[in-house]
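Written out below as structure tokens is the structure these notes cover.
The values are calculated or read from the model by the stated rules, or taken from the named source; none is laboratory data. Only a predicted model underlies this, so the values are computations on that prediction, with no experimental measurement involved. Don't worry about glycine lacking a Cβ; one is built from the backbone with ideal geometry, like all the others, and counts go over all protein chains shown. Surface accessibility is based on the protein's heavy atoms, side chains included, excluding ligands, DNA and RNA. Shrake-Rupley method; radii C 1.70, N 1.55, O 1.52, S 1.80 Å.
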Amino acid sequence: RNYATSAQRNPMFSSVNSDDIVHFKSILGDKYVIEDKDKLDDANTDWLRKFKGSSKLMLQPRTTEEVSQILKYCNSRRIAVVPQGGNTGLVGGSIPVFDEVIINTSRMHKIVSFDKVSGVLVCEAGCVLENLISFLDNEGFIMPLDLGAKGSCQIGGNISTNAGGLRLVRYGSLHGTVLGLEAVLADGTILDMLGTLRKDNTGYDLKHLFIGSEGSLGLITKISILTPPKLSSVNLAFLACSDYRSCQKLLLEAKRKLGEILSAYEFLDAQSLDLALKHLEGARNPLPPLMHNFYVLIETTGSDETSDKQKLEAFLLDSLESGLISDGVLAQDIQQASSFWHIREGIPEALLKAGGVYKYDLSLPVEKMYDIVEEMRTRLGSAANVVGYGHLGDGNLHLNISVPQYDNTILAQIEPFVYEWTSKHHGSISAEHGLGFTKADKIYYSKSLETVQLMASIKKLMDPHGILNPYKVLPPSSLTS
Ligand code: FAD
Ligand code: MLT
Ligand code: ZN
């Protein structure tokens, strides 16, 4: 499968020639101007192994200054580029569509500073999320975001996609926790917005343009982020519910009764659990293998071990008595807790192992959220395995349609139905993964014409030659008018 089947290469872009290679080597040295076929193969292929670009060149800068020199040169030569972090994105945003040069940030992995008083961490964009989590753990702090891809994804990629993840329900989105950024614009200008202040109302807060713009407006090189202190008591429950309505009512109860200690509220349906148990190494059902239709993970994080546990246990007892949950287990130690998380976080990997997967990442009113899964099951019958899981606490459903192999007749049953349905219910067709390449032309299901026009004007102002991550986020037609 190649992108080129559904897009046209912009003829205004130059192809890389031998003089360009010489120039890039003069900036980075030979070692970090990569033409090796195997390395390029990986960098051209997305995590889902669904699409493949055909870039002949990957650059690995170490410093902001090098990024600036690279972009200045590419802009003058009209060479298109794609910023790449951990390449775990799920919408085809992190790989080239055609022969764009890959600018990979993996070498930019330095922690610049950490202030133990304010909890503000300043680091380079290529820091792997899990490394930041470990670093902060030693300092007695945590990252305000966590996600299944933490072992590979980088903070620059997280911010560029405005990744949500498992803790958003407690700590909010990166638009709230990111305090500052350094970014390089298409023409090589370095924008220093690396503030560390909680409050700063001096003019337009331009950092927000880079949060979630998927590398289409600039390349993020450094970040500053507010990190919460690590609290002493963390508890995790794995619960079963007999119907979706109970999962939803349980959420309201959890918000009311667990209040400030609630730190995650995730759900998966029985079909998702089956996939995880079948395909994930070491996965074990935390509950006796009875038939439940839904499972919920509730995590609490607080500062008083005794009262937090009492609070959670009382909540679980009440919920059992009222019939909101039909079974449940509380993790007894860290190993058990991580085995519960392994199931939830491993669903994307299980889906990948099961065959092809059509992925939809939807924001919907919580009470309507599961209807689309059931409607999709009715539409597709036995042709596909339709599963639903996600961040229920944030109103974010991951609707995934697992198929033995990709099939256009199945796809025609799914799209545009899924987008029309979401739009009709005033949802978002991309809650947290972004639009990338695969969903750029779907933007109008969630945004008005006028809004997209303003986005296109901003893109044209900041990147007049359109060299930054072309064919992504905005439909190409919005940029030509
Ligand atoms: P990449 O995939 O390399 O890039 C993503 C996008 O950002 C691309 O458009 C790229 O061009 C751009 N980009 C990357 N770095 C920069 C930079 N420095 N400057 C400018 N642009 C840049 N997402 C969620 O929101 N919540 C989840 O819970 C979640 N779980 C996941 C679980 C798994 C197993 C996987 C595989 C993915 C998951 N994702 C999730 C998807 C998600 O978007 C990311 O994993 C992550 O945020 C991407 O980071 P990355 O470094 O891999 O970025
Ligand atoms: C998740 O929550 O597991 C991720 O966003 C990945 C996915 O949607 O599959
Ligand atoms: Zn998610």
Provide the solvent-accessible area of PHE437, counting protein heavy atoms only and rolling a 1.4 Å probe, rounded to the nearest 10 Å².
30
In sequence order, what are the phi-derived ³J(HN,Hα) couplings for the stretch 299-304 according to the Karplus relation 6.51 cos²θ - 1.76 cosθ + 1.60 with θ = phi - 60°, rounded to whole Hz, with x for glycine and proline?
10, 10, 9, x, 10, 10
What one gets for the stretch 3-106 as the Kirkwood radius, inverse of mean 1/r over different Cα pairs in Å, is 13.8
Considering just Cα atoms, how many Å³ per residue does the convex hull of the chain enclose?
148
Pick out, in residue order, every one of the chymotrypsin sites (Phe, Trp or Tyr not before Pro) in the stretch 155-239 that is DSSP loop and has at most 10 other C-beta atoms within 10 Å; say none if there are none.
TYR204
Under 13 Å from the Cα of LYS460, which aspartates and glutamates turn up, not counting those fewer than eight places away in the same chain?
ASP187
Lys/Arg +1, Asp/Glu -1 at C-beta; the stretch 111-226 dipole; positive extreme among ILE111, LEU197, ALA183:
LEU197
So, with +1 on the Cβ of K and R and -1 on the Cβ of D and E, and no other charges, what is the size of the charge dipole of the stretch 3-106 about its Cα centre, to the nearest 20 debye?
200
Once Lys and Arg are counted +1 and Asp and Glu -1 for all other residues with Cβ under 12 Å from that of SER113, the total becomes 0
Quick one: dipole size for the stretch 34-93, taken about the Cα centre, charges +1 on Lys/Arg Cβ and -1 on Asp/Glu Cβ, in debye to the nearest 20.
260
Express in whole angstrom the spacing between the alpha-carbon centres of the stretch 134-188 and the stretch 293-327.
28
Hey, how many Å between the Cα centroid of the stretch 421-452 and the Cα centroid of the stretch 1-73?
28
In the chain, if the dipole is taken from +1 on Lys/Arg beta carbons and -1 on Asp/Glu beta carbons about the Cα centre, which of LEU399, VAL91, ALA80 is farthest to the positive end?
ALA80
The stretch 233-347: mean projected area of Cα convex hull, nm²
6.5
What do the square roots of 5 times the Cα gyration tensor eigenvalues come to for the stretch 111-226, in whole Å, largest first, as semi-axes of the equivalent ellipsoid?
21, 16, 14
Rounded percent of accessible protein surface that carbon and sulfur make up, the chain, 1.4 Å probe
52
For the chain, report the accessible area per residue in Å² (1.4 Å probe, heavy atoms, rounded to an integer).
43
Place a +1 charge on the Cβ of each Lys and Arg in the chain and a -1 charge on the Cβ of each Asp and Glu, then give the dipole magnitude about the Cα centre in debye, rounded to the nearest 20.
840
When the C-alpha atoms of the stretch 394-475 are aligned to their principal axes, what extent does each axis show, in angstrom, from largest down?
43, 28, 23
Grab the DSSP H runs of the chain that are 4 residues or longer, score each as -39,500 (n - 2.57), total them, divide by all residues and round the 222 nm result to the nearest 500 deg cm²/dmol.
-10000 deg cm²/dmol
Looking only at aspartates and glutamates whose Cα falls under 14 Å of LYS257's and that sit 8 or more positions away or on another chain, we get GLU299, ASP308, GLU313, ASP318
So for the stretch 355-445, Kirkwood radius off the Cα pairs, Stokes-Einstein at 4 °C and 1.567 mPa s: how many µm² s⁻¹?
98
Go through LEU136, SER18, GLY390 and say which Cα lies farthest out towards the positive end of the charge dipole of the chain; charges sit on Cβ, +1 for Lys and Arg, -1 for Asp and Glu.
SER18
